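S.K.: The structure follows.
The values are calculated or read from the model by the stated rules, or taken from the named source; none is laboratory data. Remember, it's a predicted structure, so these values are computed and weren't measured experimentally. Every residue, glycine among them, receives a Cβ derived from its backbone with ideal geometry; neighbour counts consider all protein chains shown.
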Amino acid sequence: MYYTYARMVLEGEDFNMAYNVDYFDAKVSEYGMNTKDIPNNLPTNALVLLPIAWLPPPTAKIVWSVISLVAFVLSMKMILQVYGIHLTSNLGLGLMTLCLAWRPAYDNIALGQLYMVILLIFTLSLQGIQKEKVLMTGLSVSTACLIKGYGIVPVLWMITRMKWKMVLLTVAFTVLVFVLTLPVFGLGSWTQFGASIVTNLGASPSEAHVAYQTINGLVYHLFFYDPIWSPFPVARFPLPILLVISYGLSVLLIVLILRKIGSEERHVLLLSYSSAIAVSVVTAPLAEEYHYVLFLPLVVGLILFRVKAWVENQRFKSIDVFLLSAIVLMVLPLKYKTLQLESFPMILLAYPRLIAGLVLLLLARRVAKHSETCTDTVDSLDRNGYIPANPNEIR
C-alpha cells in the first residue's frame, strides 16, 4: 500500500481513484507485487516513500528496511539523550539491549512498516519538549499526523499543559501541507478517504481479530458475534453500543493519562508526554503489534525512574514486578494469534501487547504523581549521568 500510494503520485496517476479497491489492486499488480492490500491510509501517506518509489518493489523494500533501521538506532540514541542517560553507562547499555529485543521492532522490518520512522519523528518531538523548542515539537507532531493519523493525543496533551504555541503551530503546519498538496492529491481523494475509511471504522467484523491489540479490538471480540472472527462473545451487543463502549473506554483512558500533573519538573514532563505517545496506540481503532514500537520512550522513562528509586531505597516494590512483567509481555515472541477462537476468559491471553501497554500507562501515571515529591533525587542522579554504586552519593 505505501509503495503503491507513492508510485501513483510519482507517475501522475489520478489519486482520486486510490480508494477504489479494484483500481488499487490493479495498480498493485501492475507495479509487480503479487499480493492484495486495502487502501486505508491518508493521501499524504504517499509522501513518505516518494523518494524511493522509482525503484522496483523488492529493491525499494531493502532500501526502506535500511532507512527504518537507521531511524530506529537514531531514535534509541536520542531517547537516552533526552532522559539524560549515558549510552556507555550500565543503564544505557542495558536499555539499548532491551530496545533491540523489543519484539514489535522486528515486525516493523519484516512487514516494511513505517513505525520506526514515526518513532524517530515522535522522539524529535520529545526532544522538543525537553529543550522547549516549539517549532521542533509542532512540526514533528504534525508530520506524524499527516503520515499516519497519529498526533491527536499529543495535541490533547499540549492543550492540557496549555502549550498554545505548540498547538497552533501543529495545526497550522498540518493545514498548510494539506493545502499545498491539494494539486497532487485532489480534494476528491480526501472525500473518498472520509467516505470509505473514516466512516466505516468500527463497522467491520474483522476488527475482532486478535491481531488488533487495542481497546477497540478487545471490545469487539468480547461483545460482537461473528462466526469467523469472534464466534464466542461474552455477550452480543449491536454496533452502536459497541462503538459507545469502545470509544468511551478510549476517551476515559486518554483523560486519565493526560489529566495534568502539577509538577513541571523535566523528567515528569517527559514521562507524561511519552505516555501521550503510547496512549495513541491502545486507543487507536486499529493497531497491530508493530505499532507498539512507539512505547519505547515511555518504557525507557519508566525504567529510569524505577532504577533511581531502587538506588535510593535498595529494594524492589510491587510496581517493579508489574513493570518487569509488562516488559516481558512486550519482548517475548508470543503466538497469541493462535488463540483467536478461544472463549472468555482464555481469550484475554490473546491480548498480551494491549494488556502490557495498559499496565505501562497506568504505572506511568502512578510514577509521575509520586515523583512530584522526589525531584531532588531525580535531578541529582541525572547530573551524575550514571547509577552510583553507593546510594549515599545522591544524597
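S.K.: Pairs, please: C-beta under 7 Å, at least 6 apart or cross-chain, first residue farther than 15 Å from Leu358 by Cβ and in segment 311-332, second assigned to a helix (DSSP H, G or I) and among the basic types (Lys, Arg)?
M.R.: From residues that are farther than 15 Å from Leu358 by Cβ, the pairs are Asp320/Arg306; Val331/Arg103; Leu332/Arg103.
To keep it simple, each residue is scored yes or no on (1) closer than 20 Å to Thr123 by Cα; (2) within 15 Å of the chain's Cα centre (by Cα); (3) in contact (Cβ under 8 Å) with a residue 40 or more places away in the chain.
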position	(1), (2), (3)
Tyr292	yes, yes, yes
Phe295	yes, yes, yes
Gly301	yes, no, yes
Leu304	yes, no, yes
Leu354	no, yes, yes
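S.K.: Residues of segment 210-260 being in contact with an Asp or Glu (Cβ under 8 Å, 6 or more places away or on another chain), of a type outside the set (S, T, N, Q) and within 30 Å of Thr160 (Cβ to Cβ), which ones?
M.R.: Tyr212, Gly217, Tyr220, listed by residue number.
S.K.: Same structure again: For Val167, only one of the following conditions fails: (1) outside any helix (DSSP H, G or I); (2) surrounded by 15 or more Cβ atoms within 10 Å (Cβ to Cβ). What is its number?
M.R.: Failed condition: (1).
S.K.: Does Leu119 satisfy the criteria of being within 16 Å of Ser75 (Cβ to Cβ), crowded, with 23+ Cβ neighbours inside 10 Å, of a type outside the set (Val, Ile, Thr) and under 11 Å from the mean Cα position of the chain (by Cα)? Walk me through it before giving the result.
M.R.: Working: within 16 Å of Ser75 (Cβ to Cβ): yes; crowded, with 23+ Cβ neighbours inside 10 Å: yes; of a type outside the set (Val, Ile, Thr): yes; under 11 Å from the mean Cα position of the chain (by Cα): yes.
Answer is yes for this residue.
S.K.: Also, I was wondering about something else. Find the helices (runs of 4 or more DSSP H) located wholly in segment 204-314 whose residues include 2 or more that are in contact with a strand residue (DSSP E or B) (Cβ under 7 Å, 6 or more places away or on another chain) and surrounded by 24 or more Cβ atoms within 10 Å (Cβ to Cβ), and list them. Talk me through it step by step, then tell me what you get.
M.R.: Numbers: elements: 215-223, 239-258, 266-282, 296-313.
Helices (runs of 4 or more DSSP H) meeting the threshold: 215-223.
S.K.: Still on this structure, I have one more. Assuming Phe72 fulfils every condition listed in (1) among the aromatic types (Phe, Trp, Tyr); (2) within 17 Å of Thr4 (Cβ to Cβ); (3) assigned to a helix (DSSP H, G or I) apart from one, which condition is it?
M.R.: (2)
S.K.: Might you let me know whether segment 31-42 holds any residue that is under 15 Å from Ile147 (Cα atoms), under 28 Å from the mean Cα position of the chain (by Cα) and at pLDDT below 90?
M.R.: Here is the first cut: in segment 31-42, the ones under 15 Å from Ile147 (Cα atoms) are 39-42.
Restricting the remaining residues to those that are under 28 Å from the mean Cα position of the chain (by Cα) gives 39-42.
After this cut, where a residue has to be at pLDDT below 90 as well, the list is 39-40.
Yes, there is a match, as at least one residue in segment 31-42 is under 15 Å from Ile147 (Cα atoms), under 28 Å from the mean Cα position of the chain (by Cα) and at pLDDT below 90.
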